[in-house]
Each structure stands twice: as structure tokens, then as C-alpha cells.
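All remarks here apply to the structure that follows.
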Amino acid sequence: MNKFIRQNQLYQLILARVKETIREPGVIFWGMIFPMLMSLGLGIAFMNKTDIFRKVAVITDNGVRTSNPDTNLTLESFFSKKAAQVGLTGDGFTSFRYTIKDDKLGNSTFLFQKMSWDKAMVLLKRGSLSIILNEKNGRIEYHFDPMNPDAQLTYLKLSRIFGGNGVPVGENHENIQPLTVSGTRYIDFLIPGLIAMGVMMSTMWGISYDIIEKRSKKLLRRMVATPMKKSHFLIALMTVRLVMNFVEGALLFIFASLVFGITIQGNLAALFMLFIAGNMVFAGMAIFISSHTSNTEVGNGFINAVVMPMMVLSGIFFSYHNFPDWSLYFIKPLPLTMLADGLRSIFIEGAGFAEITIPSLILAATGILFFATGLRIFKWH
């Protein structure tokens, strides 16, 4: 009998929380409509930052040379020349840096790396590079997304190296091979990141701020007199937020699929598992942050201190590989980075359980640890 009462208690708490949530107009706008507007705006007109450092994938066709080497510099001859400068053979030289000096607009440094086509496509989808060079039939081909301003600018600057002065991308040039298939566009990179960010923002603010506000208004104090278990109260908050995040993420994906043709190339079950793990980690962090404070201003500061750095560093709107290499050791373990990378690997790389099991376990274990700690130190007033 006691077990039945507790189960019914949890059900009633979840039902009450659902009604309370859907009555707020702001939930509909900020959780569902705003991400769609953001994806639409950024997907159509993504503005790029100043060109400072770019990685370029090189897939070479060994033994092929252009008929007029004085006019056009081939990839193999370019690599061989750089290899000779450092005393290496052309075959053993797999990467080098090349800088175009410009006193007015600033220097542009390119890191050329030899690699296979499959590896280059994976890095392109992850945002680690924006253009792929391939030498075929004596001609250098440029593979990039024509809707990506960063790739267009990179092409113009590379054409100065290999073919004289740059030429407008808008003209019909046979050496340009547009990459417009699903998975290689900027919007394919953006949507999984927006879904991950939506999980973080919705969970952190929807749980943390709600608890802090109830505590500041003395509403939690009244619950102490009830037979309600503290864990049931917190699990109810987490359950409703998980459902809301699922609805918001599904609507954003449907919108992006209809407008931009976004597809999920990986395992749907693996996607669901990762999504649950992502909700667990941010829900646990939200419980931990809101376990003590009753001041909404202090609570705002705590929440922003967690979400703002991850929004900037975790590669939501642009690849975090643009940051210095030493910072990647701190960026990659961030929960939002792991969630966004995992979602992108499923969306655009065709990943399954093998690729996301470890990240999912790390996220879930981190969430459970934060939840257990927050539950232990939680106070009603």
C-alpha cells in the first residue's frame, strides 16, 4: 500500500509539473520557436570571422603533372619543394605550413595535410577544415561547400598559390567541385549543435532557476510538511524537462529537415541513448547548482558561469578547433562539447553505439554524481 501511494505521488508530481510548464508562453517561444529562427538565420546567412589560420586537406594523384609548370604549381611539386627545404623526401613529407603575407588585411596561414578522402570528409563534417584539394588529370580541384563563405575565401587565397591571381567563385570554373550533399554543409554542422545547446539551456534554466525561485518565495518550505520524498520532487522536475527537451529537439529537427534537408545518417537508438545521457548530465548539474542558494541573482550568476563558457568554447556555432591546440585539452571534456560532438557524429558521420557508448557513459555517470551530491546537500529553505 505504501509503495502504491509513493508511485501515485510521483505520478501526480509529474502531471502537476507538466501543467505548470505548458502554461508558460515563454516555454513555447524560447524552447521551440527561437531555435528554429536561429537555425534559419544562421543557415542562410552565416558570417565568418577574420581569416587567420586554416587547415587544408590534400588528396594527391601521384605521378601527375600539369603541362605548364611555370604557370600552375601542382600539389606534388609544391609538397616536394617544401620537403626539399627541410631535407625530407616528398613521400615522407605529409604536412607543412604556408603563409600568405598581407600587411593590410593580415597574414593568412594554411596548414596543408596529406590524408585519404574518407578522413578528409570526416574532418570537413566536423568543421576542422573547410576545403579539400585533389590533383586529378593534371589539374587541381577544389572541393568545398559553395554556401560557406569561409570556404569561398579559402579558395580565393589558395588560388593565388596554385594558379596565379584569385578568380571570383561565382564564375563557372571546372576546377571547383561543390560539396552540397547532406553532411558537408554548415547547416548540417549547426543543427546538432543547436540541439545540444537547447538541452543545456532548457535543463539548466528550467530546473535550477525554478528550484531557486521556489525557494526564494518560500514555496519549498511548505513542502517539508508533506510526506513527499525529496528525490521524487527532483526526479519529477528532471522527467518533465527530459520530455520537453525531446519535443523541442524533435521539432527543431523536423523544421531543419523540411527547410534544409537535414538527415540522420547514424543509429537512432544510439541517438536516443546519447540524448538521455546529455539530459542526465545537465539535470544533475542543475540540481547541484540549485541545491543551496535561495537568491535568484546569485542563482543567475551560477547558471551563467556554467552555460556561457560552454556556449562559446564547445563548438556550437563554429568548430572549437579554431582555438589554440593547448586549449583543446580543456574544451573536449566539457559536457556540451561531448554531447555536440556525439550528436554530430550520429547526424552526419553515420555513427552508432560503438562510437558514442563511452561518451554516453561518461555523461550519464557525471550526471548521476552531480545529482547524488546535490540530493545530499539539498535544502528546502
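So, in the stretch 176-215, of the ones that are modelled with pLDDT under 85 and of a type in the set (Val, Ile, Thr), which residue ends up farthest from Met338 (Cα to Cα)? Looking at the filtered set, the residue picked out is Ile176.
Condition first: surrounded by fewer than 22 Cβ atoms within 10 Å (Cβ to Cβ) and of a type in the set (Val, Ile, Thr). Now tell me which residues in the stretch 116-153 satisfy that. Listed by number, the list holds a single entry, Val122.
Going through (1) crowded, with 16+ Cβ neighbours inside 10 Å; (2) farther than 28 Å from Lys119 by Cβ one by one, Leu313 falls short only on (2). A Cβ distance below 8 Å, combined with a sequence gap of six or more or placement on separate chains, defines the contacts here; from the stretch 213-227, residues that are farther than 9 Å from His381 by Cα reach no residue that is basic (Lys, Arg).
This table checks each residue for (1) at pLDDT below 85; (2) under 26 Å from Met238 (Cα atoms); (3) in a helix (DSSP H, G or I).
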{"residue": "Met308", "(1), (2), (3)": "yes, yes, yes"}
{"residue": "Phe317", "(1), (2), (3)": "yes, no, no"}
{"residue": "His321", "(1), (2), (3)": "yes, no, yes"}
{"residue": "Trp326", "(1), (2), (3)": "yes, no, yes"}
{"residue": "Leu339", "(1), (2), (3)": "no, yes, yes"}
{"residue": "Ile346", "(1), (2), (3)": "no, yes, yes"}
{"residue": "Ser360", "(1), (2), (3)": "no, yes, yes"}
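Restricting attention to the stretch 182-213, the residues being touching a Leu at 6+ places or on another chain (Cβ under 9 Å) and under 18 Å from Leu274 (Cα atoms) number 12. Checked against the criterion of being surrounded by 18 or more Cβ atoms within 10 Å (Cβ to Cβ) and assigned by TED's automatic domain parsing to the domain that holds Ile356, the candidates Asn267, Asn304 yield just one match: Asn267.
The values are calculated or read from the model by the stated rules, or taken from the named source; none is laboratory data. On a predicted model such as this, the values are computed, not experimentally measured, just so you know. With ideal geometry, Cβ positions are generated from the backbone for all residues, glycine too; neighbour counts draw on all protein chains shown.
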